[in-house]
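Enquirer: My questions will all concern the structure given below.
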Amino acid sequence: YGLAAVLAVAERANQRTRSFGVAFSGCTLPGADHPLFTVPEGMMGVGMGIHGEPGINDAPISSADELAELLVNALLKEVPQAVTTLSGQRLSVVLNGLGGVKYEELFVVYRRVAQLLTAQGLTIVEPEVGELVTSFDMAGLSLTLFWLDEELERFWRAPANTPAFRKG
């Protein structure tokens, strides 16, 4: 692809991607003596940012299934304009641990995420679950839905071999 085509694909991918996350603790930048934000005991920051931005509100810590429902419901309210109907749509799912959530816990949350999306008639394509983008000392996770079209799916499925990510 030439530069103009690469830009067009990147812009379309960006327009078709939605993320939402929760934090159980704030991140601490290198050299700082305190986290950028704190979350009260027994609560989670809902809607937090990966770069240490605090959430939009605090809510009581929920079960893994309730957390999956919160994340999926929030993202299904933000479906990209290009997606005119849910049933039959293909999407990729990224469930990202921010560094302080165990892989086993991520997979328990993913189980319910997959159930909820499949119940909506959606087809999940090559999901990724793990610590893909972490934040210092931060316990939390984010869910990303990437609404695919034919070309984006081809790129999503393509092999990758970088220092931080390998696939295929």
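The values are calculated or read from the model by the stated rules, or taken from the named source; none is laboratory data. These numbers come from a predicted model, not from an experiment. Cβ placement follows ideal geometry from the backbone for every residue including glycine, while neighbour counts extend to all protein chains displayed.
Quick grid of which residues meet (1) at pLDDT 95 or above; (2) out of contact with any His (no Cβ under 6 Å at 6 or more places or on another chain); (3) small (Gly, Ala, Ser); (4) under 18 Å from residue 95 (Cβ atoms):
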| residue | (1), (2), (3), (4) |
| --- | --- |
| 11 | yes, yes, no, no |
| 23 | no, yes, yes, yes |
| 27 | no, yes, no, no |
| 33 | no, yes, no, no |
| 73 | yes, yes, no, yes |
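Enquirer: Scan 101, 109 and give me the residue that is surrounded by 12 or more Cβ atoms within 10 Å (Cβ to Cβ), of a type in the set (Val, Ile, Thr) and over 13 Å from the mean Cα position of the chain (by Cα).
Expert: Details: 109 fails: over 13 Å from the mean Cα position of the chain (by Cα).
Just a single option satisfies the conditions, and that option is 101.
Enquirer: Among the residues in region 19-29, are any under 25 Å from residue 150 (Cβ atoms), surrounded by 17 or more Cβ atoms within 10 Å (Cβ to Cβ) and not hydrophobic (A, V, I, L, M, F, W, C)?
Expert: Of region 19-29, the ones under 25 Å from residue 150 (Cβ atoms) are 19.
After this cut, where a residue has to be surrounded by 17 or more Cβ atoms within 10 Å (Cβ to Cβ) as well, the list is 19.
Okay, now just the ones that are also not hydrophobic (A, V, I, L, M, F, W, C), so 19.
The answer is yes, given that some residue of region 19-29 is under 25 Å from residue 150 (Cβ atoms), surrounded by 17 or more Cβ atoms within 10 Å (Cβ to Cβ) and not hydrophobic (A, V, I, L, M, F, W, C).
Enquirer: Turning to a different aspect of this structure: Does residue 11 qualify as being within 22 Å of residue 148 (Cα to Cα), acidic (Asp, Glu), surrounded by fewer than 11 Cβ atoms within 10 Å (Cβ to Cβ) and free of Cβ contacts under 8 Å to residues at least 24 places away in the same chain? Walk me through how you get there before you give the answer.
Expert: Details: within 22 Å of residue 148 (Cα to Cα): yes; acidic (Asp, Glu): yes; surrounded by fewer than 11 Cβ atoms within 10 Å (Cβ to Cβ): yes; free of Cβ contacts under 8 Å to residues at least 24 places away in the same chain: yes.
Here the answer is yes, as residue 11 does meet what is asked.
Enquirer: Moving on. Pick from 79, 94, 113: which is within 14 Å of residue 19 (Cβ to Cβ), in contact with an Asp or Glu (Cβ under 6 Å, 6 or more places away or on another chain) and modelled with pLDDT of 95 or more? Spell out how you get there, then give the answer.
Expert: Numbers: 79 fails: in contact with an Asp or Glu (Cβ under 6 Å, 6 or more places away or on another chain); 113 fails: in contact with an Asp or Glu (Cβ under 6 Å, 6 or more places away or on another chain).
Checking each option against the conditions leaves just 94.
Enquirer: Here's something else I'd like to know. List the pairs whose first member sits in region 77-103 and is of a type in the set (Phe, Trp, Tyr), whose second member is modelled with pLDDT of 95 or more and outside any loop (DSSP other than H, G, I, E, B), and whose Cβ atoms are under 9 Å apart, counting only residues at least 6 apart or on separate chains?
Expert: Pairs that qualify, where the first residue is of a type in the set (Phe, Trp, Tyr) and the partner is modelled with pLDDT of 95 or more and outside any loop (DSSP other than H, G, I, E, B), are 103/129.
Enquirer: Might you check whether a residue that is exposed (fewer than 15 other Cβ atoms within 10 Å of the Cβ) and either of a type in the set (S, T, N, Q) or in a loop (DSSP other than H, G, I, E, B) (or both) occurs anywhere in region 66-73?
Expert: Yes, region 66-73 contains at least one residue that is exposed (fewer than 15 other Cβ atoms within 10 Å of the Cβ) and either of a type in the set (S, T, N, Q) or in a loop (DSSP other than H, G, I, E, B) (or both).
Enquirer: Continuing with the same structure: Hey, could you check region 130-155 for residues that are assigned to a strand (DSSP E or B) and of a type in the set (A, V, I, L, M, F, W, C) and say which is modelled with the lowest pLDDT? Full working, then the answer.
Expert: To start, the set of residues in region 130-155 that are assigned to a strand (DSSP E or B) comprises 130, 140-147.
Next, from what is left, pick out any that are of a type in the set (A, V, I, L, M, F, W, C): 141, 143, 145-147.
Numbers: 141: 94, 143: 97, 145: 98, 146: 98, 147: 98.
In this case the residue turns out to be 141.
Enquirer: Identify the residue in region 30-46 that is closer than 22 Å to residue 144 by Cβ and without any contact (Cβ under 8 Å) to a residue 24 or more places away in the chain and, among all such residues, is surrounded by the fewest Cβ atoms within 10 Å (Cβ to Cβ).
Expert: First, pick out the residues of region 30-46 that are closer than 22 Å to residue 144 by Cβ: 36-37, 39, 44-46.
This time we only want the ones that are without any contact (Cβ under 8 Å) to a residue 24 or more places away in the chain, so: 36-37, 39.
Values: 36: 19, 37: 17, 39: 23.
Looking at the filtered set, the residue picked out is 37.
Enquirer: Can you tell me which residue within region 47-72, out of those that are more than 13 Å from the chain's Cα centre (by Cα) and touching a residue at least 40 places away in the same chain (Cβ under 8 Å), is nearest to residue 37 (Cα to Cα)? Break it down into steps so the answer makes sense when it comes.
Expert: Initially, region 47-72 is screened for residues more than 13 Å from the chain's Cα centre (by Cα), giving 51-66, 69.
Checking the rest, the ones that are also touching a residue at least 40 places away in the same chain (Cβ under 8 Å) come to 51-52, 64-65, 69.
Values: 51: 11, 52: 7, 64: 23, 65: 26, 69: 25 Å.
Filtering region 47-72 for residues that are more than 13 Å from the chain's Cα centre (by Cα) and touching a residue at least 40 places away in the same chain (Cβ under 8 Å), the one nearest to residue 37 (Cα to Cα) comes out as 52.
Enquirer: Give, as residue ranges, the strands (runs of 3 or more DSSP E) completely inside region 15-62 that count at least 1 residues that are among the aromatic types (Phe, Trp, Tyr) and under 19 Å from residue 131 (Cα atoms). Lay out the reasoning, then the answer.
Expert: Details: elements: 17-23, 43-46, 57-60.
Strands (runs of 3 or more DSSP E) meeting the threshold: 17-23.
Enquirer: Another one. I'd like the full set of residues that are out of contact with any helix residue (DSSP H, G or I) (no Cβ under 7 Å at 6 or more places or on another chain) and part of a helix (DSSP H, G or I), limited to region 114-129.
Expert: Once the filter is applied, which keeps residues that are out of contact with any helix residue (DSSP H, G or I) (no Cβ under 7 Å at 6 or more places or on another chain) and part of a helix (DSSP H, G or I), region 114-129 yields 114, 115, 118, 119.
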